[in-house]
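The values are calculated or read from the model by the stated rules, or taken from the named source; none is laboratory data. What you see is a predicted model; the values in this text were computed from it and never measured. When we count neighbours, we look across all protein chains shown, and the Cβ atoms used for this are built from the backbone with ideal geometry, even at glycine.
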Amino acid sequence: MTLPALLLDACATAVLAVTPHDGIIIAANTACEELLGYSPDNLQGRAITDIEVGLQDLFFWEELREGGSHTVSNVEGEYRHENGHFLQVRKTIRSIEWAGQLLCVISVNDISHAKRLEAETALSASLLAATLESTADGILVTDLNAQIRNFNHQVPQIWQWPIETGLAAESLFQHIESQLFDPAQFRDWLDELYNDPYLESQHSCALRDGRFFDISSRPQRLGETPIGRILGMHDISIIKHSENALRVAHNAAQAASKAKSDFLSHMSHELRTPLNAILGFAQIISADSENNQRELGNYIGKAGRHLLDLINEVLDLASIEAGKLVLRDEPVDLALIIQDCLELTQTLAIDKNVTLLQTQMPAARFIVQGDARRIKQILLNFVSNAIKYNRQQGTVEMTVTHAKADTWRLMVSDTGRGISTDDQSKLFQPFSRVGNQTDNIEGTGIGLAFTQKLAGLMHGEVGFSSTLNVGSRFWIDLPCAQGITQASPHSTAIQCGEGKRHILYIEDDLLSQKLVTTIFSKQRPNYTVTIAGNGADGLALARQIPQPDLILLDQHLPDASGVAILEQLKLSDRTRAIPVIALSGDALEEDIQSALTLGFDAYITKPFDIKVTLPIIDKLLGNTLP
């Protein structure tokens, strides 16, 4: 083999020699076999058109036979492999003379892999472009010097940016700044971004046209090295407008809640103030042994107390619905609650010819977590219903058992008429009174509805079972107060002592004024009462010499609130030490707790019970005997 032939076979490029007049291959190097699958010997004598199948290739050889150019450089074509598949190639054809004849020498390189990579790259680029253009967000790509490299169609649409003004990022950013409420903040953010190529950050901006955008930026990396920045622009206008609508709705809800609270407070005061006079004078008439109208006083008192019960239940239920009912969360001894309820309902049971039974309670203490006053209210509701809806010579029984390992069940059972299946579904609905509507039984029909809501607020549950003409059982399950021991309170007798006392009563309601002066004149003759009809007069009288020993202060005066008067009293050294009792028709728990927190020594709710109110006043005046 000659040296030129040896060099030709060592070449990695496939080389073919073709006679141009007939297109027959007369020689091929060994690289052709690797490219086309044919050995050099099998290629000799074949027509070049058996290998070259591209349309452009066929035109070339046809043109060559007709006297066209014999030379081409770096043209792409398509070759057929021996096994039938096609190759993408790049070839160069040169004309030479050898042994007195003209030959075309073809140098061929396989570019199939490069073409596949090119197609894959084009597909990826197309997919990326389609993805970027399909999003509603604006996407902007810059280099590290803030020069624009690419952007999707949303960017000019979002910012109404005329692209013909130039593709410099500086002009785009200036155009953005002109539309913002706070362009300086945006400029500071951009400066921070382009001063730190690794920084990832987000900026929220408000546009003058009412739109809002979140603009986020992160570095574009090649490996671990930042080579540019990608900025995403997301429209959050709907979110912001929704937030604003929610804020408006929240404020409206708060205003409505405050209106409900104000309404409850106002109604409580307006209803309780006249009842204070009715029940107060009824108590005075009933207690006067020399008055032959005592029986009428009892009737007035009974009717007044019934009306008060109705008002309390309606206002309590409304307080829960308004979210204004405040409950204590403390250990409560059920034994004390049961004892109080037995004493309070004994008279009603005697009137109805019903026997109250106190079943032997568990040996262990049964202390629950909740609000003692509200638990008593629930139990009283159960017991009074069991008495009222019982039969003559029936029984009512109270028991305490473990409903679960961590729950005490307080249950009231009766031998009454029971509740029909149809009525049971309506039992806990407000203002729904089940049973025979012709019965002369007092009530609002909301007691059980209120009881159910109260139990839920104390993390408890109420339930019942009933059999018609046999009886009913109502119970409340309350969580145990674990690890709590509570001694039973000892009673303290409070009675009036000797000695003159001066009481200032600041009240604008004439009936309330008359009631209090009558009570003291009959039951505390050693107490002198001075009346002030408004806050200004009350403050003036409180500062006189001698000063009052105690002040009874209404919470709603024509010229000031009771709290404002209390603040004035506490500011003066002369009046700071005088005990002050709030006397008001505001019976909401939050009003009571707020008043006590502000510095009132006690809070008495209208209409008040004389037997409860006088001991409170006696104690604050120091006239107590243990």
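Selection within segment 593-626: residues that are of a type in the set (V, I, T) and over 24 Å from L279 (Cα atoms). The member of this set that is modelled with the highest pLDDT is T597.
Of all residues in segment 332-344, those that are without any contact (Cβ under 8 Å) to a residue 40 or more places away in the chain and surrounded by fewer than 17 Cβ atoms within 10 Å (Cβ to Cβ) have Cβ atoms under 9 Å from Cβ atoms of residues that are assigned to a strand (DSSP E or B) and polar (S, T, N, Q), 6 or more apart or on another chain, in Q339/Q358.
Of the residues that make up segment 50-58, is at least one farther than 25 Å from R116 by Cα and surrounded by fewer than 18 Cβ atoms within 10 Å (Cβ to Cβ)?
no
Here G84 meets each of (1) more than 30 Å from V15 (Cα to Cα); (2) part of a loop (DSSP other than H, G, I, E, B); (3) not hydroxyl-bearing (S, T, Y) with one exception, condition (1).
Residue-wise test of (1) outside the structural domain of S521 (by TED's automatic domain parsing); (2) out of contact with any Ser or Thr (no Cβ under 9 Å at 6 or more places or on another chain); (3) buried (at least 22 other Cβ atoms within 10 Å of the Cβ).
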| residue | (1), (2), (3) |
| --- | --- |
| R574 | no, yes, no |
| L596 | no, yes, no |
| F600 | no, yes, yes |
| I604 | no, no, no |
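So how many residues does segment 53-81 have that are of a type in the set (A, V, I, L, M, F, W, C) and either part of a loop (DSSP other than H, G, I, E, B) or under 60 Å from the mean Cα position of the chain (by Cα) (or both)? Residues in segment 53-81 being of a type in the set (A, V, I, L, M, F, W, C) and either part of a loop (DSSP other than H, G, I, E, B) or under 60 Å from the mean Cα position of the chain (by Cα) (or both): 1 in total. The set of residues from segment 401-410 being in a strand (DSSP E or B), surrounded by fewer than 21 Cβ atoms within 10 Å (Cβ to Cβ) and touching a residue at least 60 places away in the same chain (Cβ under 8 Å) comprises A403, K404, T407, R409.
For every residue, the table says whether it meets (1) modelled with pLDDT of 85 or more; (2) farther than 26 Å from R373 by Cβ; (3) touching a Phe, Trp or Tyr at 6+ places or on another chain (Cβ under 8 Å).
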| site | (1), (2), (3) |
| --- | --- |
| V396 | yes, no, no |
| T438 | no, yes, no |
| F464 | yes, no, yes |
| S472 | yes, no, yes |
